[in-house]
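In what follows, a single structure is set out as C-alpha cells and then discussed.
The values are calculated or read from the model by the stated rules, or taken from the named source; none is laboratory data. What you see is a predicted model, and the numbers here were worked out from it, not measured in a lab. Here the Cβ is made from the backbone with ideal geometry for all residues, glycine too, and neighbour counts use every protein chain on show.
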Amino acid sequence: MKVIICGAGQVGWQIARHLSGEQNDVTIVDVNSELVRRATETLDVGGVVGHASYPDVLERAGARDADMVIAATHSDEVNMVTCQVAHSVFSVQRKVARIRSQSYLETAYSDLYRREHMPIDVLISPEKEVAEAALQRLAAPATFDTESFLDGKAQLLGIAIGAECPVINTPLRQLTDLFSTLQAIVVGIRRDGTLFAPAPGDQIFEGDACYVFAATQDVNRTLEIFGKSTKKQERVVIVGGGNVGLAVAQELERRTERVRVKVIERDRARAEIAADSLNRTIVLNGDGLDSGLLSEANVETADAVLAVTDDDKTNMLAAVRAKAMGCSMTICLVNDPTLAPLMAPLGIDAYINPRATTVSSILRHIRHGRVKGVYSIGDAEAELIEAQVLGTSPIAGQRIRDIAFPEGVLLGAVVKEGKLVKPNGSLRIDEGDLIAIFAMASDVPEVERLLQVSIDYF
C-alpha cells in the first residue's frame, strides 16, 4: 500500500515507523527539512520537504498513485486543505485528518466532511481520544493501562504484579483450571523491560506487568484474583480545565452514578468557560501546584486526581504533590514519551500519552481486513487487534488448535452471534465472528494475512 504522511512530528513519525516496518511504501512530507531528514535516515521511508497542502508538493510525494493520505501536521487548516487537494486533484481514495479545534468537530457541522464538500474519510481528535483514555483509567483505578474492546464486552487490563498477588508463581495453565468460569486470559507479560506473549506453562512473578484480556462483567473479579482492590471513584479532582479536562468533567456529570468533581484551572477566562459549561462541578481558579488550592479542592480525601494541563512537568508535579497530600490515585497527561520511566519512581499511578492514543486511532483505519479496533501497547512493541472474520480468511471454519498462529500471537476473546466466548483449542472460528488478537509487532503482518489482506477493502 502506498501511503503519504503529512507531518513528521511524533505522531507522523510513529505511524511511518509502523507502516514502513510492514513493507508499505511510505513517503513523509514536512516543511521542516530537519524532521524529514531524521525520518528518512532512521526509517525505510521517502521524504519530501514542503507545505503538505501544496499540489506540487503532494505530486512530488507520489499522490497520483497513493492509496491513502494521512494529514497529521500541527495545523487543522493545513490538514483539511491537504485532504481536499488529495481528493480533488489526485483522486486519493482514503484521507485521514487530525483535527484539534472542537469547533470543527461539533456534530451540527458534520455535513462539512461529506464527499461533495470537504472529503475527509476519517477525523481524529486527540483531545477526544485523550479524554476517553482518561475516563478508561478512572474506571479501572487498580490498573496502569486499560482499553475497551468488542463493543464494550471485553477490556484489556494492565496489572502491575505486587507481593500481595495470590497467583504469583502459578503456571497460566493452572489459572485456567482454577478459575474455569472466569473469562480472562493473560495475553502479554512485561518482565525486566521485555514484553512477550506467554506460553501456557509460563508463571507470573512479582514485579511483572501483565496485560489481561477480560470480559467486562469479570473485570472486578479478575482484579481481585491479581490482588487489586476495586474501589469506586466518587470524588475526582481535575487539574487543567482545557478541552481534555472539560470533556472528562462533562462526561462524569452525564453519568448516572454520582461523582463529585472539582476542576482547577489557572487561566481565568478558561476557568469561566469551564464553569459556564458545567452544572454540578466546582471550578477553582488558580495554580494546580498550589498546596493551599489543592487542599481547598480536598485532594486529601479525593479518590483520584487527574492532571491534564498542557505542560508535562506541571502535570507530573501536581500528581506528586497530590499523592504526598494523601490522594490514593494520580493520573497525569504526558506528551514527552521519554518522561514515562519517571512515573514509577515518582509514585504516579498511571499516565496518558496523547501521541500513543492518536497513533492507535489512526492505525485502526489503516489495518487491512475488517479491522474494527487497534490498540498499540508499550512503545509500539505489540498490538491488540479487534477484527471481524471474513469468509475469505484462512482461519474461517477452522478450530483454534488448527490455526497456525505465530508464537507471539494469542487469541484473547471471540464474539459469536453477539455473545462473548472464552477461546479454547476446540472452538471453531466462523465467518462473521469478532475476534481480539494480541500480537507482537513483528507478527502483525502474519496476523493481517490470516485475517485476509485484501486491497479491495480500501
Given the options ALA97, ALA72, name the one that is more than 10 Å from ILE120 (Cα to Cα), crowded, with 22+ Cβ neighbours inside 10 Å, touching a residue at least 12 places away in the same chain (Cβ under 8 Å) and assigned by TED's automatic domain parsing to the domain that holds GLN10. ALA72
Quick one: what pairs do we get from segment 254-271, first residue over 16 Å from ALA307 (Cβ atoms) and in contact (Cβ under 8 Å) with a residue 12 or more places away in the chain, second outside any strand (DSSP E or B) and of a type in the set (A, V, I, L, M), C-beta under 8 Å, 6+ apart or different chains? VAL259/LEU252
Checklist (1) part of a helix (DSSP H, G or I); (2) closer than 26 Å to GLU257 by Cα applied to GLY152, failing item: (1)
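This table checks each residue for (1) in a strand (DSSP E or B); (2) out of contact with any strand residue (DSSP E or B) (no Cβ under 8 Å at 6 or more places or on another chain); (3) surrounded by fewer than 13 Cβ atoms within 10 Å (Cβ to Cβ); (4) charged (D, E, K, R).
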| position | (1), (2), (3), (4) |
| --- | --- |
| GLY391 | no, yes, yes, no |
| PHE405 | no, no, no, no |
| LEU411 | yes, no, no, no |
| VAL415 | yes, no, no, no |
| SER426 | no, no, yes, no |
| ILE435 | yes, no, no, no |
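Results for (1) under 24 Å from the mean Cα position of the chain (by Cα); (2) surrounded by fewer than 24 Cβ atoms within 10 Å (Cβ to Cβ), shown as yes or no for each residue.
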{"residue": "GLU253", "(1), (2)": "yes, yes"}
{"residue": "GLU257", "(1), (2)": "no, yes"}
{"residue": "ILE264", "(1), (2)": "no, no"}
{"residue": "ALA269", "(1), (2)": "no, yes"}
{"residue": "ASP276", "(1), (2)": "no, yes"}
{"residue": "ARG280", "(1), (2)": "no, yes"}
{"residue": "ASN285", "(1), (2)": "no, yes"}
{"residue": "GLY292", "(1), (2)": "no, yes"}
{"residue": "VAL308", "(1), (2)": "yes, no"}
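Let's see how each residue does on (1) among the hydroxyl-bearing types (Ser, Thr, Tyr); (2) in a strand (DSSP E or B); (3) under 18 Å from ALA134 (Cα atoms):
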| residue | (1), (2), (3) |
| --- | --- |
| ALA247 | no, no, yes |
| GLN250 | no, no, yes |
| GLU253 | no, no, yes |
| VAL263 | no, yes, yes |
| ALA269 | no, no, no |
| ALA275 | no, no, no |
| ARG280 | no, no, no |
| VAL283 | no, yes, no |
| ASP287 | no, no, no |
Return yes when THR301 is surrounded by fewer than 16 Cβ atoms within 10 Å (Cβ to Cβ), modelled with pLDDT of 90 or more and either of a type outside the set (Phe, Trp, Tyr) or not assigned by TED's automatic domain parsing to the domain that holds GLY240 (or both) and no when it is not. yes
Is there a residue being among the hydroxyl-bearing types (Ser, Thr, Tyr), touching an Asp or Glu at 6+ places or on another chain (Cβ under 8 Å) and under 27 Å from LEU333 (Cα atoms) anywhere in segment 199-220? yes
Name the residue that is surrounded by the fewest Cβ atoms within 10 Å (Cβ to Cβ), counting only residues in segment 40-60 that are closer than 29 Å to ASP443 by Cα and touching a Ser or Thr at 6+ places or on another chain (Cβ under 9 Å). ASP44
